[in-house]
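Shown next, in structure tokens, is the structure this report addresses.
The values are calculated or read from the model by the stated rules, or taken from the named source; none is laboratory data. Nothing here was measured: the structure is a model prediction, and the numbers come from that model. Glycine gets a Cβ as well: all are built from the backbone with ideal geometry, and neighbour counts include every protein chain shown.
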Amino acid sequence: MVPVDGRLGKPRTRPYNAAPMNEPTHATVAFQSLEPDDILKACESLGFDVNGRLLALNSYENRVYRIGVGHRDNVIVKFYRPERWADDAILEEHRFAAELADAELPVVAPLRIGGATLHHSGHFRLAAFPNRGGRPPDLDRLDQLEQLGRLVGQIHNVGAVEPFQARPAIDIESFGSEAMNYLLDAGFIPPELEQAYESVADAVLDEVEAAFERAGATTRLRLHGDFHPGNVLVDEDRFHLVDLDDARSGPAVQDLWMFLSGGRDEMEPQLGALLSGYTAFRDFPANELCLVEALRSLRIIHYAAWLARRWDDPAFQIAFPWFAARRYWDEHVLALREQIALLQEPPLAWREYR
């Protein structure tokens, strides 16, 4: 891989664990210091009869709360992180969710209030969603994986109808090279590990590019984009799909590979179950099996850069204190080295699981 300008040997602009580079905007300050009164007032501005019950849910990119309404009901309200997505990109996500719901798929789509799904209250942008409960899927149950595959196949039938206009694609540049450069230039990696990180990340991206070349032409669909067990709720064996915030365009396998875990002997039956369900509704491009470890590698690099980009948010420093420790970066470099070996193995075999 030919290094992009400045990737190798560029003087670092920040020392290890230095303070944030950018001054926060008023909207960012308001978002990071959301108080219960701010939350309830914003919900009242949508016309909800809030009763004072408020529970913060497990979300870091945005702020998400379960709000008590009336005597019994709850509603989920999401406050969007400033400057991440433009309004038109958020609205495109909402329209995609509505398309999926209109196709009678179990997607938790935003509520339309006063003819709109995206609302503004002071510095805040927010949307409301119906409250859905449930537990994560049991990935040891192949029948649940088959059911997930059926759901993904139906989602992709809708996703293939038209492309995203405002939302980007999952690609090597943004998820790989740009993320790697950000980590090196922003000074988050301990100085004594910078050279090792740069070398191994470059090697990983070489292998990722080779994997995409082996795959050849791939699909480009509207995807959930971040489809993992945490974004699926199971209630009495009925699935609810949540959180399309990371919806992007990309290959079909992106919405499947995060349900694969363990060694090859474990993943191949899991893959067989997923594809048994998927192909009941849609053909699967088998060449994309070359991309499973490539996409996993990009996610590892992108995730570290995501934490770095959000480090000026106090909530991240509380939730991810290990990110500032040397041990995290030792393990991160080791994980990337392991990915090089996995990227050089043959793709997973697609076998019938029954």
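When you look at GLY277, is it farther than 30 Å from TYR80 by Cβ, free of Cβ contacts under 8 Å to residues at least 24 places away in the same chain and not β-branched (Val, Ile, Thr), yes or no?
On the way: farther than 30 Å from TYR80 by Cβ: yes; free of Cβ contacts under 8 Å to residues at least 24 places away in the same chain: no; not β-branched (Val, Ile, Thr): yes.
Spelling it out, it is not the case that GLY277 is farther than 30 Å from TYR80 by Cβ, free of Cβ contacts under 8 Å to residues at least 24 places away in the same chain and not β-branched (Val, Ile, Thr).
Here is a yes/no grid of residues against (1) closer than 21 Å to GLN270 by Cβ; (2) part of a helix (DSSP H, G or I):
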residue: ALA315; (1), (2): no, yes
residue: PHE323; (1), (2): no, yes
residue: TYR328; (1), (2): no, yes
residue: LEU334; (1), (2): no, yes
residue: GLU338; (1), (2): yes, yes
residue: ARG354; (1), (2): yes, no
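Being more than 30 Å from TRP322 (Cβ to Cβ), in contact with an Asp or Glu (Cβ under 6 Å, 6 or more places away or on another chain) and part of a loop (DSSP other than H, G, I, E, B), is that true of even one residue in segment 207-223?
yes
Please verify whether segment 96-119 includes one or more residues that are of a type in the set (Lys, Arg) and either under 24 Å from MET258 (Cα atoms) or not in a loop (DSSP other than H, G, I, E, B) (or both). Walk me through how you get there before you give the answer.
Residues of segment 96-119 of a type in the set (Lys, Arg): 112.
Of the ones still in play, those that are also either under 24 Å from MET258 (Cα atoms) or not in a loop (DSSP other than H, G, I, E, B) (or both) are none.
There is no residue in segment 96-119 that is of a type in the set (Lys, Arg) and either under 24 Å from MET258 (Cα atoms) or not in a loop (DSSP other than H, G, I, E, B) (or both).
Does segment 112-123 contain any residue that is under 23 Å from the mean Cα position of the chain (by Cα), within 24 Å of PRO229 (Cα to Cα) and not polar (S, T, N, Q)?
No, segment 112-123 contains no residue that is under 23 Å from the mean Cα position of the chain (by Cα), within 24 Å of PRO229 (Cα to Cα) and not polar (S, T, N, Q).
Among the residues of segment 48-73, count how many are farther than 21 Å from PRO314 by Cα, touching a strand residue (DSSP E or B) at 6+ places or on another chain (Cβ under 7 Å) and surrounded by 13 or more Cβ atoms within 10 Å (Cβ to Cβ).
Going through segment 48-73 one residue at a time, the tally reaches 7.
In this structure, is GLY263 of a type outside the set (A, V, I, L, M, F, W, C), crowded, with 18+ Cβ neighbours inside 10 Å and within 20 Å of PRO346 (Cβ to Cβ)?
no
Would you say ASP5 is within 30 Å of GLU213 (Cβ to Cβ) and either in a loop (DSSP other than H, G, I, E, B) or at pLDDT 90 or above (or both)?
Considered against the rule, which asks whether it is within 30 Å of GLU213 (Cβ to Cβ) and either in a loop (DSSP other than H, G, I, E, B) or at pLDDT 90 or above (or both), ASP5 comes out as yes.
Collect the residues in segment 243-272 that are in a loop (DSSP other than H, G, I, E, B) and in contact with a Gly (Cβ under 9 Å, 6 or more places away or on another chain), keeping them in residue-number order.
Selection gives ASP243, LEU244, ASP245, ASP246, ALA247, ARG248, LEU256.
Please specify each residue of segment 191-235 satisfying the condition of being touching a strand residue (DSSP E or B) at 6+ places or on another chain (Cβ under 7 Å), modelled with pLDDT under 95 and of a type in the set (A, V, I, L, M).
Within segment 191-235, VAL232, LEU233, VAL234 qualify.
Name the residue that is nearest to ASP246 (Cα to Cα), counting only residues in segment 154-167 that are surrounded by 14 or more Cβ atoms within 10 Å (Cβ to Cβ) and touching a strand residue (DSSP E or B) at 6+ places or on another chain (Cβ under 9 Å).
Applying the filter and picking the extreme gives ARG167.
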